[in-house]
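Enquirer: Let me begin by handing over the structure; questions about it come next.
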Amino acid sequence: MTFTTTSAPPVDRRPRDLFGRRSIIGAIVVVAVLTFFGAGLRAIDENSKSTGFTPGQIYAVSDTLSFTPEAGWSIDTAGTLAGAVVTLTKDGLVMKVIGQDFTAGGQTMQDSATTFHDADGQDAGYTTVSDIGPFTTSTGTTGVTWTASGPAQAAQTWLVSDGTSGAYVPVTGPASNWTNSQQEIESMVESIVFASASSPTTT
Amino acid sequence: MSAVNETPPGRQTVGTPTGRPRIFDAESFVFWVLVVVLAFGAIHTYNLLTDNGTLFTVNPSIAWLGLVLWSLYAIAFLAFVYYHQLFVRRSPWITLVAFAWGGLVATYFASEANNALDDLWTHWYSSDFTSNWGSAISAATNEETLKTLGLVVLVLLPLARVRSTLDGWFYGMMVGLGFQVVEDYLYTTQNAGDIGAALDYFWGRGLVGGLWSHAVFTGIVGGGIGFLVSRRDRSWPIRIGAAVGAFAIAWVIHFLFDASALNNWITDDFLATLVKGVPALVLLFILVHLARNQERRIWSAFVASNIDPTVVSEAEATALLDHKSRKQARKTVAHAKGHHAGRLQKHLQRAQLRYIQSVAEEGLDGQHAREDEADVNELRALIASA
């Protein structure tokens, strides 16, 4: 509000008309801005993506490692190195599938998991890090996983191996964006197959 | 705020009343857009906050604890800011709508926009860029713009009567507070695994980080918007410059808070929060101080020209100019006539402030002005007989 005196200019008396020019233009501006942020940016994002793969079909990370990407994810070419690592993104989530030999230097997958897990524990961005837990994919490939979470960032890491070859799969991103993509991420991890594995699985 | 004669020639008849601010305005298309957008935002934000309604079933203790803690936080913060308004008590309904815009509209749309823009940064540059800088650019740009849009909506509603720098500051803080508590509740429920972790979030984001977060950012922007729409005694370039400058300052502070690459420079979280947060708070205080001085001059001129000295005497008006002099006046009365009279003096001061606001909004013959004048006279009589 304002205080006026008799010497002040007249009080602002805007014309009030539901379909007046000021009313309509104001409403259009508000709707346009919200539409841009709520849908426009998403449309630009969708149209500018070059996935580099066909969702639902096997994608080879290296000669010995492949997996099946889900729809809606795209390749971050800057984070992808042919034959070694592929980086996928969606809604701010970043998933890397990295071919890794866990047996180098006489180590085991569990040793590597402990190393990565401890690193998460020392990361100032994470306040909570779960214990390392085992899992087995539908194709019988064994692995371990754990989660980490911080004020704005959450992460889950999988290590999978068929005993000969291995894959290190860290996924990070804003905590608020995990819910919609968790199932897709788990499906992609499930779909990991190694050249020595029995048969590839698609989702 | 309009230019005024600061040395008025005695009491005159009241200028044209400004009208009582209200949010309901069926004759404004913007109002109906606001209604639809608030409903749309409420549905989507509810789904976002509760994980499509499952949160209270899956993790009830964290969900309820978070809800109670952040609700209390919002009420305490809102009450503190609301009761520290110096001369004007702004409309509670407009205040709630501002809060709701921040909490229900800005949060949901910013969530969508941030996700999309983060994807684009990764596509255009790399995931490292997104992590280090891109997410901070997205958040500062999308969130500050969407919160500012809430202020623009209020400015576009003629009956909301956002007409001063302090109006902009106040409603800006309310928009920012709404955004802040809803975002904090979201982070708490999504990341806290147990009650201890939820309390840690409340401590870190609410009590340590909350003093210089969204409410402060949008308060600064709001001051700029308020200056833009009210200071007609200044040129357009200055007014536009002030609004753009305030937005730029809020953007930079927000960006500095979010840029994870900067966290490597100061590794101590508490120190980093202080280094980034204190300048924001200081800037806000400077803005409020300057705006209050302006409001004080205009208020004094209005009282001198328009208020009956038998309702608010010159000495009483002088005592009402700031919190310190109000307290001193209450102490003087309490010292002379006892503690009860001191409390009555507090009520008298509030009634006088209400009266002056009512006269400005509705004129001397307005219903509220007459009621407030009766309150003043009654309280004055009670103090006299104490």
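Enquirer: Could you run the Karplus curve 6.51 cos²θ - 1.76 cosθ + 1.60 with θ = phi - 60° over segment A:87-100 and give me ³J(HN,Hα) per residue in whole Hz, x for Gly and Pro?
Expert: After applying 6.51 cos²θ - 1.76 cosθ + 1.60, I find 10, 10, 9, 6, 6, x, 7, 10, 10, 10, 10, 10, x, 8 Hz.
Enquirer: With θ set to phi - 60°, apply the Karplus curve 6.51 cos²θ - 1.76 cosθ + 1.60 along segment A:160-176 and write out the HN-Hα couplings as whole Hz, x wherever there is a Gly or Pro.
Expert: 10, 7, 9, x, 10, 9, x, 9, 10, 10, x, 10, 10, x, x, 4, 6
Enquirer: Further question: Given a Förster distance of 60 Å, report the FRET efficiency between B:HIS335 and B:ARG22 from their Cβ-Cβ distance, rounded to the nearest 0.05.
Expert: Efficiency, from the Cβ-Cβ distance: 0.90.
Enquirer: Moving on to the next point. Which of the three applies to segment A:31-178, rounded, prolate or oblate, going by the alpha-carbon gyration tensor with a ≥ b ≥ c and a/c under 1.5 meaning rounded?
Expert: Because a/c hits 1.5 or more and a/b fails to exceed b/c, segment A:31-178 counts as oblate.
Enquirer: Near the amide H of A:TYR59, under 5 Å away, which other amide H atoms are found, from residues 5 or more places off or on another chain, if H is placed in the peptide plane?
Expert: Correct list: A:PHE67, A:THR68.
Enquirer: Order these by the 10 Å Cβ neighbour count, fewest first: B:ARG232, B:ARG90.
Expert: Going from least to most buried by this count: B:ARG232, B:ARG90.
Enquirer: So, one more: List A:TYR59, B:TYR171, B:TYR125, B:TYR108 from most exposed to least, where exposure is judged by having the fewest other Cβ atoms within 10 Å.
Expert: Ordered by Cβ neighbours within 10 Å, fewest first: B:TYR125, A:TYR59, B:TYR108, B:TYR171.
Enquirer: I would also like to ask the following. Skipping prolines and chain starts, which residues have an amide H placed within reach, meaning under 5 Å, of the one on A:TRP158, given they are 5 or more residues away or on another chain?
Expert: Close amide H contacts, sequence-distant or interchain: A:VAL169, A:VAL171.
Enquirer: Would you calculate the separation in nanometres between label points at A:GLN183 and B:TRP32, each defined as 7 Å from the Cα along the Cα-to-beta-carbon direction?
Expert: Inter-label distance under the simple model: 3.9 nm.
Enquirer: Cross-link partners among lysines for B:LYS337, C-alpha distance below 24 Å, same-chain residues fewer than 8 apart left out?
Expert: Answer for B:LYS337, where 24 Å is the Cα cut-off: B:LYS324, B:LYS327, B:LYS346, listed by chain and number.
Enquirer: Once you sort the root eigenvalues of the Cα gyration tensor of segment B:32-186 as a ≥ b ≥ c, which label holds: rounded (a/c under 1.5), prolate (a/b larger than b/c) or oblate (the other case)?
Expert: oblate
Enquirer: Over all residues in B:165-175, what is the mean tally of Cβ atoms on other chains that come within 10 Å of each residue's Cβ?
Expert: The mean count of partner-chain Cβ atoms within 10 Å per residue comes to 0.
Enquirer: Quick one: among B:ASN47, B:ASN132, B:ASN264, which has the greatest mean-square fluctuation in a GNM of chain B with alpha-carbon springs under 10 angstrom?
Expert: Largest GNM mean-square fluctuation: B:ASN264.
Enquirer: How much space per residue, in cubic angstrom, does the convex hull of the C-alpha atoms of segment B:240-386 take up?
Expert: 155
Enquirer: Oh, and also: Segment A:129-152 to segment A:168-190: how many Å between their Cα centroids?
Expert: 11
Enquirer: Go ahead and set up a Gaussian network model of chain B, Cα springs under 10 Å, then flag whichever of B:SER71, B:SER111, B:SER235 fluctuates most.
Expert: B:SER235
Enquirer: A further question on this structure: Measure nothing fancy, just the Cα-based angle from helix B:60-82's long axis to the longest principal axis of chain B, in degrees from 0 to 90, nearest 10.
Expert: Computed tilt is about 30 degrees.
Enquirer: Now, a different point. Where the centroid of each part is defined by its Cα atoms, how far is segment B:301-374 from segment B:132-173 in Å?
Expert: 33
Enquirer: Give the peptides B:348-355, B:138-145 in descending order of average Cβ contacts within 10 Å, highest first.
Expert: Sorting B:348-355, B:138-145 by mean packing, highest first, produces B:138-145, B:348-355.
Enquirer: Shifting gears a bit: Per-residue mean of other chain beta-carbon atoms within 10 angstrom of the beta-carbon, peptide B:146-157?
Expert: Mean partner shielding for this stretch: 3.
Enquirer: Follow-up. Angle, helix B:135-156 long axis vs. longest principal axis of chain B, Cα atoms, 0 to 90°, nearest 10?
Expert: Tilt relative to chain B: about 30 degrees.
Enquirer: What is the average number of partner chain Cβ atoms found within 10 Å of a Cβ in A:19-32?
Expert: Other-chain Cβ atoms within 10 Å of each residue's Cβ, averaged: 5.
Enquirer: Amide H neighbours of A:ASP123 under 5 Å, counting only residues 5+ apart in sequence or on other chains, H built in-plane at 1.01 Å?
Expert: Answer set, sorted by chain and number: none.
Enquirer: Across segment B:176-192, in residue order, what do the Karplus-derived ³J(HN,Hα) couplings come to in whole Hz, using 6.51 cos²θ - 1.76 cosθ + 1.60 with θ = phi - 60° and x for Gly and Pro?
Expert: x, 5, x, 4, 4, 6, 5, 5, 5, 4, 4, 5, 5, 6, 7, 10, 7
Enquirer: While we're looking at this one, here's another question. For the Cα atoms of chain B, what angle does the longest principal axis make with the long axis of helix B:323-337, in degrees from 0 to 90, nearest 10?
Expert: Approximately 50 degrees, to the nearest ten.
Enquirer: Sort A:MET95, A:MET188, A:MET109, B:MET173 so that the residue with the fewest other Cβ atoms within 10 Å of its own Cβ comes first and the one with the most comes last.
Expert: Taking fewest neighbouring Cβ atoms as first place, the list is A:MET109, A:MET188, A:MET95, B:MET173.
Enquirer: How are the Cα pair distances of segment A:76-157 distributed, in percent, across 5 Å bins from 0?
Expert: All Cα pairs, binned at 5 Å, distribute as 3, 12, 18, 21, 24, 16, 5, 0 percent.
Enquirer: Go ahead and set up a Gaussian network model of chain B, Cα springs under 10 Å, then flag whichever of B:GLY66, B:GLY223, B:GLY102 fluctuates most.
Expert: B:GLY66
Enquirer: Right, here's the next one. Once the Cα atoms of the protein assembly as shown are picked out, what are the Rg and Dmax in Å?
Expert: Rg then Dmax for the protein assembly as shown, in Å: 29.1, 98.
Enquirer: I'd like the FRET efficiency for A:THR108 and B:ASN264, computed as 1/(1 + (r/R0)^6) with the beta carbon distance as r and R0 of 41 Å, rounded to 0.05.
Expert: 0.80
Enquirer: Add -39500 (n - 2.57) for each DSSP H run of 4 or more in chain B, then divide by its residues: what number comes out at 222 nm, to the nearest 500 deg cm²/dmol?
Expert: The helix contribution divided over chain B gives -24000 deg cm²/dmol.
Enquirer: May I ask you to list the lysines whose Cα is less than 20 Å away from that of A:LYS96, ignoring any residue fewer than eight positions away on the same chain?
Expert: Those lysines meeting the cut-off are A:LYS49.
Enquirer: Determine the relative contact order of chain B: mean sequence separation of Cα pairs under 8 Å and six or more apart, normalised by residue count, in whole percent.
Expert: Computed value for chain B: 23 percent relative contact order.
Enquirer: Once the Cα gyration tensor of segment B:224-263 is found, what semi-axes does its equivalent ellipsoid get, as square roots of 5 times the eigenvalues, in whole Å, sorted largest first?
Expert: Working through the eigenvalues yields semi-axes of 29, 7, 4 Å.
Read-outs throughout are calculated quantities, based only on the coordinates presented, and are distinct from any laboratory measurement. If you're wondering where the values come from, they're calculated on a predicted model, not measured in any experiment. Counting neighbours? That spans all protein chains shown, and the Cβs are built from the backbone with ideal geometry, glycine included.
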